[in-house]
Amino acid sequence: MKTAKKIFLLAIIQVLWLSIVSCSQAENGDSQSESIDIENYKGKKAMATFAGGCFWCIEAPFEGIDGILSVISGYSGGKEKNPTYGEVASGKTSHRESVQITFDPDIISYSELLDIFWQQFDPTDEGGSFYDRGFQYSSAVFYHDKNQKEVAENSIKRLEAAGIFDKPIVTPVIKYSNFYPAEDYHQDYYKKNPEEYYAYREGSGRDAFIAKHWPSNLSEKYKKPSDAELKKRLTTLQYNVTMHEETERAFDNAYNSNKEEGIYVCIVSGAPLFSSKDKYESYSGWPSFTKPIDARLLDKPTDTSYGMVRVEVRSKLGDSHVGHVFNDGPNPTNLRYCMNSAAMKFINKKDMEAEGYGDWLWVLED
């Protein structure tokens with residue numbers, strides 16, 4: 001969309017939408033306390049590049065998530081060098097508005113990034129994104145290696161099987177060629193201009209589309225009870241594991257050998273954490289998963305207890321300990337989410353609808 005026209009529409013939207021609230025799970029930036037020194041970062045680094053319409057709305061959802069080191073708005077996939085916003089937005093180049101994510105694959109996997117990405121736009125629209133029309137606003141996954149290509153293609157197949165959308169997914173998976181950062185005023189736009197940003201999201205129809213197709217208002221639905229209530233409701237083991245970071249005994253726990261279909265939810269808040277589709281036998285003695293249902297529902301702080309350096313896994317909405325994540329897992333993520341059964345409750349697939357988890361049945365599709 002041309003810059004002048006976009007500014008004009010933003011002004012109109014601000015008048016029409018005076019009461020603006022953020023959509024559920026859309027932004028995590030407030031939780032990011034400090035920037036990360038990418039050049040001196042000692043862990044592993046990998047890149048992911050996505051296009052999903054207006055880059056403001058794709059950048060923000062990835063901010064503040066543990067394992068994501070940086071998110072930059074820019075232009076990708078075209079032949080023109082050093083394009084400007086005016087050139088790209090007006091359709092004068094072969095670039096798409098995109099975001100480039102630098103992440104630590106030992107903490108968060110490419111597969112998890114894709115799971116977040118698909119929930120931010122309409123992947124069945126090949127003509128643009130909501131009221132931003134034109135090739136420059138069309139979606140794409142730019143893969144950086146063969147593994148990313150395979151993971152992205154399989155992710156699309158799984159999404160199609162889940163039947164989330166009424167029309168086929170048209171987002172192409174394209175080999176990465178280049179990325180040019182956008183002008184400074186576009187970076188962290190949601191922080192610099194929150195009123196305009198949220199008005200733009202709502203006015204464009206993006207928020208309504210997300211709310212229609214994906215579970216929403218999770219922070220309101222899944223809340224942590226008081227400590228007094230937790231002590232009444234949880235067993236001693238469950239309370240000590242979740243609130244005091246204790247570990248249950250290996251091989252002597254409820255879900256290590258569980259092979260039934262269903263989801264595993266936070267015992268504290270009830271928030272969905274893991275799917276049986278991503279569970280595997282790690283022979284560790286604890287239930288293990290290759291990835292969570294949604295990385296935005298987890299925190300992953302560094303754990304230095306017992307003279308070790310590990311990545312803890314906590315339920316964000318429950319503010320509770322669940323386990324640890326290690327980098328010795330199988331494909332496609334190479335991660336092992338080693339969880340305590342005592343920190344979770346298993347909801348069988350046949351009971352999910354009755355227990356209020358019908359919106360999550362899609363995670364069990366092949």
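Where a number appears in this text, it was derived from the coordinates with a stated rule and is not lab data. None of the values given here were measured: they were computed from a predicted structure. Here the Cβ is made from the backbone with ideal geometry for all residues, glycine too, and neighbour counts use every protein chain on show.
Using only Cα atoms and rounding to the nearest 10 degrees, what angle (0 to 90) does helix 146-162 make with the longest principal axis of the chain?
For helix 146-162, the angle is close to 80 degrees.
Just in region 183-264: which trypsin sites (Lys or Arg not before Pro) are loop by DSSP and have at most 14 other Cβ atoms within 10 Å?
For trypsin sites (Lys or Arg not before Pro) across region 183-264 that sit outside H, G, I, E and B with at most 14 neighbouring Cβ atoms in 10 Å, the list reads K223, R249, K259.
So what J values fall out for region 330-340 if you push phi through Karplus, 6.51 cos²θ - 1.76 cosθ + 1.60 with θ = phi - 60°, rounded to Hz, Gly and Pro as x?
Going residue by residue, I get x, 5, x, 9, 6, 10, 10, 7, 8, 10, 8 Hz, with x marking Gly and Pro.
Please state the Cα pair-distance histogram of the chain with 10 angstrom bins from zero: what percent is in each bin?
5, 24, 33, 24, 11, 3, 0
In whole Hz, what ³J(HN,Hα) sequence does region 312-327 give by Karplus (6.51, -1.76, 1.60; θ = phi - 60°), x for Gly and Pro?
6, 10, 10, 6, 4, 6, x, 6, 9, 6, 10, x, 9, 10, 10, 9
So, R0 is 51 Å and r is the distance between the beta-carbons of N240 and E160; what FRET efficiency does that work out to, to 0.05?
For N240 and E160, the calculated efficiency is 0.75.
Give me the angle, in degrees from 0 to 90, between the Cα long axis of helix 3-16 and the longest principal axis of the Cα atoms of the chain, rounded to the nearest 10.
The helix 3-16 is inclined about 60 degrees to the chain.
Kindly provide the helix-only [θ] at 222 nm of the chain, computed as the sum of -39,500 (n - 2.57) over DSSP H runs of four or more divided by all residues, to the nearest 500 deg cm²/dmol?
-7000 deg cm²/dmol
Using only Cα atoms, tell me the angle between helix 194-204 and the longest principal axis of the chain; keep it within 0 to 90° and round to the nearest 10.
Compared with the principal axis, the helix lies near 80 degrees.
Give the dimensionless ratio obtained when the Cα radius of gyration of region 219-364 is divided by 2.2 N^0.38 Å.
0.98
What is the extension gain from D328 to A208, computed as 0.36 nm multiplied by their sequence separation minus the C-alpha to C-alpha distance, in nm to one decimal? Kindly include the intermediate steps, with their values, before the conclusion.
Details: separation 120, 0.36 × 120 = 43.20 nm, distance 3.93 nm.
The D328-A208 span can extend by a further 39.3 nm.
DSSP loop trypsin sites (Lys or Arg not before Pro) in region 31-129 with at most 15 other Cβ atoms within 10 Å of their Cβ, which ones? Can you show the working numbers first?
Working: sites: K42, K44, K45, K79, K81, K92, R96; in loops: K42, K44, K45, K79, K81, K92.
Hits after loop and neighbour filter: K42, K44, K45, K79, K81, K92.
Which trypsin sites (Lys or Arg not before Pro) does region 260-341 hold that lie in a coil by DSSP with at most 14 other beta carbons within 10 Å?
Listed in order of number, the matching sites amount to none.
Can you work out the FRET efficiency for the pair N348 and K42, with r the C-beta to C-beta distance and R0 = 30 Å, to the nearest 0.05? Mind showing how you got there, number by number?
Numbers: r = 43 Å, r/R0 = 1.42.
Here the calculated transfer efficiency is 0.10.
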